[in-house]
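Q: Attaching a single structure in structure tokens format; questions to follow.
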Amino acid sequence: MKLLEEEIRSRGQILPGNVLKVNSFLNHKIDPMLLEKMAEEWYQLFKNDNINKVVTIESSGIAMAILVALKFKCELVFAKKGKSSTLGNVLTASVYSYTKSKEVLISIERGYIKEDDNVLIIDDFLANGSAAEGLISIIQYAKANVKGIGIAIEKGFQDGGQKLRSQGYRVESLAIIDKMDYDTQTIEFKQI
Ligand code: 5GP
């Protein structure tokens, strides 16, 4: 998606450790007009898949996922991180957090994803695939169908995308970064 690539180029900041900071429009300050256009892209890609649930992980995915759920006129469930006293009977998975460099437990209340739901997973970044794999395992435990995975920014030089696609999942990333260089602050995108 050209517009997203332009925003990443002009407003993104490359941090050490292959981390891209997009706090000025996606992860902290949010540009709802851009997010709405991104949601429309995913809607066009998955509109024939009978999506009836959008699933993401807190907190960065939630803003995008709400707009996607509005397009599909369905509910959104976001996995919660850590333990919470307000959670009841939950399905859990352990996810390795790329930005925090530690294992985090994610949970979704049992019953919020129903058997045979057609689920679209939405997340801001795809790096090594741990977050997506954790969500997939919860969705599969609930006996629902993972119809696809919509990613805003895939870091194509890390192996998450390749792992998920080789397992047969449809991954639709709106921008795929081939290379990014901390010293020169330059980014190359894969043509999609
Ligand atoms: P993965 O689980 O695929 O290794 O990493 C994806 C998750 O880690 C995303 O949910 C995102 O929150 C975080 N993440 C991974 N890489 C980056 C990055 O370069 N920048 C930011 N802001 N978050 C990232």
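Q: Hey, got a sec? Which trypsin sites (Lys or Arg not before Pro) in segment 99-186 land in a DSSP loop and have at most 10 other Cβ atoms within 10 Å?
A: Filter output for segment 99-186: 100.
Q: Once you keep just the Cα pairs under 8 angstrom separated by 6 or more residues, what percentage relative contact order results for the chain?
A: Rounded, it is 19 percent for the chain.
Q: Moving to a separate point now. Please get the size of the charge dipole for the chain, origin at its Cα centre, with Cβ charges of +1 on Lys and Arg and -1 on Asp and Glu, quoted in debye to the nearest 20.
A: 360 debye
Q: Continuing with the same structure: Could you give each residue of segment 184-192 its phi-based ³J(HN,Hα) in whole Hz, using Karplus coefficients 6.51, -1.76, 1.60 with θ = phi - 60°, and x for Gly or Pro?
A: Each residue of segment 184-192 in turn: 9, 6, 10, 10, 10, 9, 6, 6, 10 Hz.
Q: Mind checking which of 130, 174, 77 is farthest towards the positive end of the chain's charge dipole, using Cβ charges of +1 (Lys, Arg) and -1 (Asp, Glu) about the Cα centre?
A: 77
Q: Follow-up. What list of ³J(HN,Hα) couplings, whole Hz, do you get for segment 127-134 from phi and the Karplus terms 6.51, -1.76, 1.60, once you set θ to phi - 60° and write x for glycine and proline?
A: Values per residue, Gly and Pro as x: 10, 9, x, 5, 4, 5, 5, x Hz.
Q: Just grab the label-to-label distance for residue 162 and residue 182, each label 7 Å out from Cα along the Cβ direction, in nm (one decimal).
A: 2.2 nm
Q: Taking only the alpha carbons of segment 1-112, what extent do you get along each of the three principal axes, in Å, biggest first?
A: 44, 39, 21
Q: Find the eigenvalues of the gyration tensor of the Cα atoms of segment 2-189, then list the square roots of 5 times those eigenvalues as equivalent ellipsoid semi-axes, largest first, in whole angstrom.
A: Ellipsoid semi-axes (Å, largest first): 26, 19, 15.
Q: Same structure again: Taking a 26 Å limit on the Cα-Cα distance, which of the listed pairs 53/81; 83/155; 21/147 fall beyond it? Let's see the in-between values first.
A: Values: 53/81 19 Å; 83/155 29 Å; 21/147 29 Å.
As for pairs spanning more than 26 Å Cα to Cα, those are 83/155; 21/147.
Q: For segment 93-107, take each phi angle, set θ = phi - 60°, evaluate the Karplus expression 6.51 cos²θ - 1.76 cosθ + 1.60, and give the result in whole Hz per residue in order, putting x for glycine and proline.
A: Ordered by residue, 3J(HN,Hα) equals 8, 9, 10, 8, 7, 5, 7, 9, 6, 7, 6, 10, 7, 10, 9 Hz.
Q: What is the angle, in °, between the Cα long axis of helix 2-11 and the longest principal axis of the Cα atoms in the chain? Nearest 10 is fine, range 0 to 90.
A: The helix 2-11 is inclined about 70 degrees to the chain.
Q: So which residue, out of 161, 129, 82, gets the largest mean-square fluctuation from a GNM of the chain using Cα contacts under 10 Å as springs?
A: Of 161, 129, 82, the most mobile in the Gaussian network model is 82.
Q: Taking only Cα atoms and a 10 Å spring cutoff, compute GNM fluctuations for the chain and point out the largest among 22, 90, 119.
A: The residue that fluctuates most here is 90.
Q: Right, something else. Name the residue, out of 40, 115, 75, whose mean-square fluctuation peaks in a Gaussian network model built on the chain with Cα pairs under 10 Å.
A: Ranking 40, 115, 75 by mean-square fluctuation puts 115 first.
Q: For residue 172, what residues show an amide H to amide H distance below 5 Å, using hydrogens built from the backbone and excluding near sequence neighbours?
A: 149, 150, 151
Any read-out appearing in this document is the output of simple, stated calculations on the displayed coordinates, not a laboratory observation. The shown structure was predicted, so the numbers you read here are calculated from the model rather than taken from an experiment. Neighbour counts are summed over all protein chains in view; Cβ atoms, including those assigned to glycine, are modelled from backbone coordinates with ideal geometry.
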